[in-house]
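Input: a single structure, listed below in structure tokens.
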Amino acid sequence: MPSLTARLTELTESTSAEDLLASSLGVVFPDDVAAMHGDAEHDLLYTSPHLPKPFVLSLADPKGFDEETRGLFSHYLWNSSLQLAEFIEAGTLLARHPKPKDGDNGGGGGSGVMITAGGSAEEIFDVTGLSTIELGAGTALPSIMAALLGAKRVVVTDYPAPAVMETLRRNVSRVVRPEFAPLGRMIVAATVTVTSSTTTAASEDSDETPSGGEEEKEQENRGGGVEVHGHSWGDLSSPLAKDNHHAFDRVIAADCLWMPWHHESLRWSMDWFLSREADARVWIVAGHHTGRGNTAAFFDEGALGRHGLVVERILERDCDGVDREWAVDRGAESVSERKRWLVVAVLKRKPTEAAVSVVSASGG
């Protein structure tokens, strides 16, 4: 049966070639699932059957983190990032995975790609020729996949702590190279721009546009065509925000919903960066680390509606590729069971929001 973590191998000083082939983090025990992987002292080897060769991902060292940065847990690779990267790969390369032999698939198809009333992952998660921005990127795995598979512009953001920015820069410059991409797929440019900014974000209870000060630095590095920026959710005053209002075809976020006190700031950023075109989408994959109620709160219809967003599709996916309908309340669900499931959602512009863009473009 397929495992979400089967592509990961933890690297140590004693890792041999035999170890890389024989050992893996992808052993999913029936009673528990690892939701986060790696640490600053152990890089992760990511192996996809659809890419030319494996690549290494580093993780930030939390030793220098302040209390706020440490509490964001961006120094791990989370299952949501693994799942979103696989969706992007499946959607762009039409790479279907084996169907589970056993178990109820909950009506989702269990084919390893997302099957919904509106289509499959092949239709939903294709990044070919699109511009993408990732919020709360951590290791940047989904963005790296997008860059390797044909996105025209890829922007990676996370909290502007130096160690987090350095990890993103290192992963992007190391991996976003033609030798890791399927032949002819990678079209991004060959520079990495790194920007660190700190400003004041929108408060959870405020409907006003956030504002604040900003510090910035840029750095070019051989290796990849991805922009790496520091971005605090709800900060709309930085050069990144000012230069990219409604600039992206896809806004992506992996494991960003477990802190409900940051939901409104996250909605601000999604709304701000997402294009007003009718086909623009937000892609979300998230775990239920602090409970289903906290995850569900982000999708509040009124809160999303104030930012011109609506849920287009939403379901749950477990670590073995089984899909089922999304439910806010599943009764007495154990922590181990809850850890097996991720919520997968696609947001779009409300019809009235998209219509404004169409009218403006036509000069009507």
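Out of the total accessible area of the range 294-338 (probe 1.4 Å, heavy atoms of protein only), what percent is carbon and sulfur? Within the range 294-338, the accessible surface is 45 percent carbon and sulfur.
Between Leu183 and Ser334, the modelled labels are 4.9 nm apart [label points 7 Å from Cα along Cα→Cβ]. Given their separation in residues at 0.36 nm each and the Cα-Cα distance between them, His246 and Glu301 gain 17.7 nm when the chain is fully extended. Accessible surface ranking for Asp243, Asp61, Asp323, 1.4 angstrom probe, highest first: Asp243, Asp61, Asp323.
Go ahead and run the numbers for FRET between Ile314 and Glu277, Cβ-Cβ distance against an R0 of 25 Å, rounding to 0.05. For R0 = 25 Å, the calculated efficiency reads 0.70. With the simple spin-label model, which puts each label point 7 Å out from Cα in the Cβ direction, the Leu94 to Ala327 separation comes to 3.6 nm.
The values are calculated or read from the model by the stated rules, or taken from the named source; none is laboratory data. What you are looking at is a predicted structure, and each value in this text was computed from that prediction instead of being measured. Note that each Cβ is placed from the backbone with ideal geometry, even for glycine, and that neighbours are counted across all protein chains shown. Side chains are part of the model used for accessible areas, which takes the heavy atoms of the whole protein and leaves out ligands, DNA and RNA. Shrake-Rupley method; radii C 1.70, N 1.55, O 1.52, S 1.80 Å.
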